[in-house]
Amino acid sequence: MKTQNNIVVEVRDLFKKYPDVIAVDGVSFDIYSGEIFGMVGPNGAGKTTTIECIEGMRQFDRGKIRVLALDPQRDGHKLREKIGIQFQTASLPPRIKVLEALDLFAAFYQTSVDPMRLLEQMGLTEKSNSYVAKLSGGQRQRVFIAMALLNDPTLVFMDELTTGLDPQARRAMWDLVRGIRERGKTVFLTTHFMEEAERLCDRVAIIDHGKIVALDTPGNLIASLKTENRVVFTVDGRLEDDTLRKIPGVIRVEWFGERVVVYGHKEKLLVNVVNTLEANNVHYDDLRTERPTLEDVFLAYTGRQMRD
């Protein structure tokens, strides 16, 4: 049950302005113990500035922030003993070995966990004596996650965790994040990958131009659209547009060369489309249904495609 007693991050009316832009404009939200909280949006939306203010890494202009009942600015040293941070941009000397790096950073904390146990959890035991320069991108990212967990933090920040990773490495990162939450920790994740937020997060805040435009569970955000489903397929040959538009429940039809997207109400949409195609002897291929996603939510609230 979410109550005032298990709030680990409290943000109220956060405002941060740079000389040429308002980066964060009156943001307010809470993060509860044991959840994966996501902040999503395009690059430049204010995600990184928000997370850096919460971590105590950046001074904000006005508002209120409490993290684990501490003020990030006044209690920065005490707070950093309780949180772990995986930075959006991080690097290590290329000639340092993986275990050497973890031992070095473990020395910065009053208490720390066994680095080898972390490497085992990250699937990096065999790389403990490898130079950082010899690691793949996914392996280096796992090292940075291990470094964020060295002090056994209560709250872990992950900023654009999977940017630049291939799909296989990205999904491996998702499994690691779920494992961190299963060990009783709270995760604050920023990303501009909508699928990542939908797969991982218990709740998601969509931010754009420094403002939170929506905040709820991924399922509730998607359900709130009350939008149509889609049937997508390709056709080989001629098909009159009116043939599809007359199908019961169809709202609109879009053509992209041979690819067709039929939008309509969920009930019997797929069955009606298939029956119509077969009744008109239309050869079709690669037919599938698509449900609304968080990206559709983003479009509904902002009217724009995601920016890369």
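Starting from 0.36 nm per residue, how many nanometres of slack lie between Arg288 and Arg62 once their C-alpha separation is accounted for?
Extra length from Arg288 to Arg62 when fully extended: 76.4 nm.
According to the Kirkwood relation over distinct C-alpha pairs, the hydrodynamic radius of region 228-291 is 11.4 Å. Compared with the alpha-carbon gap, the fully stretched path from Glu278 to Glu81 is longer by 64.4 nm at 0.36 nm per residue. Helix 167-182 and the long axis of the chain differ in direction by around 60°, with both axes built from C-alpha atoms. A Förster radius of 45 Å combined with the Cβ-Cβ distance from Glu126 to Glu258 puts the calculated FRET efficiency at roughly 0.40.
Over every Cα atom in region 129-229, the radius of gyration and the widest Cα-Cα span, Dmax, amount to 15.5, 53 Å. Distance from the Cα centre of region 18-89 to that of region 207-277, in angstrom? Taking the Cα centre of region 207-277 as reference, the centre of region 18-89 is 38 Å away.
A helix-only calculation puts the chain at -9000 deg cm²/dmol for mean residue ellipticity at 222 nm, using -39500 (n - 2.57) for each DSSP H run of at least four residues, averaged over all residues. According to the Cα-based calculation, Rg over Rh for the chain is 1.07, with Rh computed by the Kirkwood formula. Of all aspartates and glutamates in the structure, the ones whose alpha carbon falls short of 18 Å from that of Lys78, not counting any fewer than 8 places away in one chain, are Glu10, Glu52, Glu55, Asp152.
Any read-out appearing in this document is the output of simple, stated calculations on the displayed coordinates, not a laboratory observation. Everything numeric here is computed off the predicted structure, so don't read it as measured data. With ideal geometry, Cβ positions are generated from the backbone for all residues, glycine too; neighbour counts draw on all protein chains shown.
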